[in-house]
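Here's the structure we're looking at; comments come further down.
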Amino acid sequence: MTAALAIEDYAFLEDDDCQARIVAAREKLGDRVVILGHHYQRDEVFRHADYTGDSLKLSRQAARSKAEYIVFCGVHFMAEVADILSRPEQQAILPDLAAGCSMADMADLARVQHCWEELGRVLEVDRVVTPVTYINSAADLKAFCGRHGGIVCTSSNAAAILTWAFERREKVLFFPDQHLGRNTGYQMGIPLEEMAVWQPGKPLGGLSEAQIRRARIILWQGHCSVHQMFRPEHIDRFREKYPDTRVIAHPECCFEVCQKSDVIGSTEAILKTVRASEPGSRWLVGTELNLVNRLRQEMKPRGVDVHFMSPMVCMCSTMFRIDPQHLAWVLENLVDGNVVNRIRVPEEDARAARLALDRMLALG
Ligand code: 13P
Ligand code: SF4
């Protein structure tokens, strides 16, 4: 082991140079390292992933992996999940620690705990409410769910998770993404009037006791800054021009966008659906730009036309922080025997969070 290489020495390397260094470092590390890549990663990083997928697929992959090092090209909560689900001797690494998720940051333990206490003034909260956290959340919120009989969900299993929750208790507190909660609840037949938005920071979340008693789902007021850029009028304008268009959107998009879409699905589901479509079909896709650009290139030779939903550039700026420079830096450090940017969830939280994650994974 030598002194750790500094990221500053990589910052000005050309991308091509980094590509060669990544390939060489991976050859040296062999099976000791696995690289997981989320679908929103930029091409220059995505191409190095051993496994790609949505949050659910990648968390299953992390649980299954035997590699000593799990390098997560994604965002912070994903690397935390990899740490929680992997064995103690494995190490999860996030190439840039600044790769967070702005939605995950919209809920924190202190405010969720406060919400739980306030709900407890109105309801017998532990008997009546199941806390459900979207996987896009910090590990201590997953631990909160683990301790209170709750569960984690992802964008691809949210309906199954809500069904599980309603089989146990009559209400759900869903955080941090109000849109995923609302879109899924509505698809399951829960009317909008039975979903109430909890505004953190306001007494009783800005709700009356009657509203809380009536709600079947209490939705935390959080959202994704990328998916909020897709608007229903983008769909209307595009359909006016191309009436044969099919629209597919991620469930983090707002209710109005999802209502106008033909298909709603996770990143993995979006890829599967568009890839299975007939030549000559046209799709308008509401999710992050890197995924859509790659899909457009892939489908062009097959005669499938893929368009991005928004006239604006909607990229996940935190996913974008994982660049070839950071990937080369962590891998070359591993070759030298140095682990940089390890993500480690404190043991007690990891144990409770694992309960909530295992409940989810057990649902298949
Ligand atoms: P998926 O699980 O659908 O990949 O979504 C993760 C995410 O962060 C989308 O914004
Ligand atoms: Fe978070 Fe939105 Fe980026 Fe997904 S796209 S990681 S929800 S900020």
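How high is the relative contact order of the chain, in percent, with contacts defined as C-alpha pairs under 8 Å that are six or more residues apart? Don't jump to the answer; show the numbers that get you there.
Details: 730 pairs, mean separation 87.7, N = 364.
That works out to 24 percent.
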| field | Compactness of region 237-364 - radius of gyration and Dmax, Cα, Å | value | 19.5, 58
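ARG87 to ALA11: extension gain in nm, 0.36 nm per residue of separation minus the Cα-Cα distance?
Details: separation 76, 0.36 × 76 = 27.36 nm, distance 3.24 nm.
Gain in length upon complete extension: 24.1 nm.
For a quick check of your reading of the filter: which trypsin sites (Lys or Arg not before Pro) in region 233-269 sit in a DSSP loop and have no more than 11 other Cβ atoms within 10 Å?
Numbers: sites: ARG237, ARG239, LYS241, ARG246, LYS260; in loops: none.
Passing sites in region 233-269 do not exist.
Rounded to the nearest 5, what is the percent of antiparallel bridges among the DSSP beta bridges in the chain?
5
Taking N as the number of residues in region 165-311, what is its Cα Rg relative to 2.2 N^0.38 Å? It would help to have the intermediate numbers written out before the result.
Details: Rg = 17.5 Å, N = 147, 2.2 N^0.38 = 14.7 Å.
In units of the 2.2 N^0.38 Å rule of thumb, it is 1.19.
Using a 1.4 angstrom probe on heavy atoms only, work out the carbon and sulfur share of the accessible area of the chain in %.
50
Hey, can you find the accessible area per residue of region 46-114 for me, probe 1.4 Å, expressed in square angstrom?
Per-residue value: 37 Å².
Can you order the peptides 207-214, 74-81 by their average number of other Cβ atoms within 10 Å per residue, highest first? Kindly include the intermediate steps, with their values, before the conclusion.
Details: 207-214: 14.5, 74-81: 26.6.
Top of the packing list down: 74-81, 207-214.
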| Virtual paramagnetic centre 7 Å along Cα→Cβ of GLU124, amide N under 20 Å, in region 163-199 | 165-173
| request: Find the centroid of the Cα atoms in region 32-79 and in region 120-196, then give the distance between the two in whole Å. | output: 26
| said: Whole angstrom only: what separates the Cα centroid of region 289-313 from the Cα centroid of region 206-279? | reply: 18
| task | Kindly report, to the nearest 10 Å², the accessible surface of CYS101 as traced by a 1.4 Å probe over protein heavy atoms only. | result | 20
| field | With all protein chains modelled, accessible area of PHE320 [1.4 Å, Å²] | value | 80
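More than 24 Å apart: what percent of Cα pairs in the chain qualify?
Details: 38453 of 66066 pairs.
Value for the chain: 58 percent of Cα pairs lie more than 24 Å apart.
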| request: Give the calculated FRET efficiency between GLU209 and ARG168 to the nearest 0.05, with a Förster radius of 30 Å applied to their Cβ-Cβ distance. | output: 0.80
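Students often check this: by mean Cβ neighbours within 10 Å, which of 217-224, 136-143 ranks highest, and how do the rest follow?
Working: 217-224: 23.2, 136-143: 26.2.
The densest-packed peptide leads the list: 136-143, 217-224.
Nearest 0.05, what FRET efficiency do LEU97 and LYS272 give at R0 = 41 Å with Cβ-Cβ as r? Provide the component values of the computation, followed by the final result.
Details: r = 32 Å, r/R0 = 0.78.
Approximately 0.80, to the nearest 0.05.
The values are calculated or read from the model by the stated rules, or taken from the named source; none is laboratory data. The shown structure was predicted, so the numbers you read here are calculated from the model rather than taken from an experiment. Glycine gets a Cβ as well: all are built from the backbone with ideal geometry, and neighbour counts include every protein chain shown. With ligands, DNA and RNA removed, areas are computed over all heavy atoms of the protein, side chains included. Shrake-Rupley method; radii C 1.70, N 1.55, O 1.52, S 1.80 Å.
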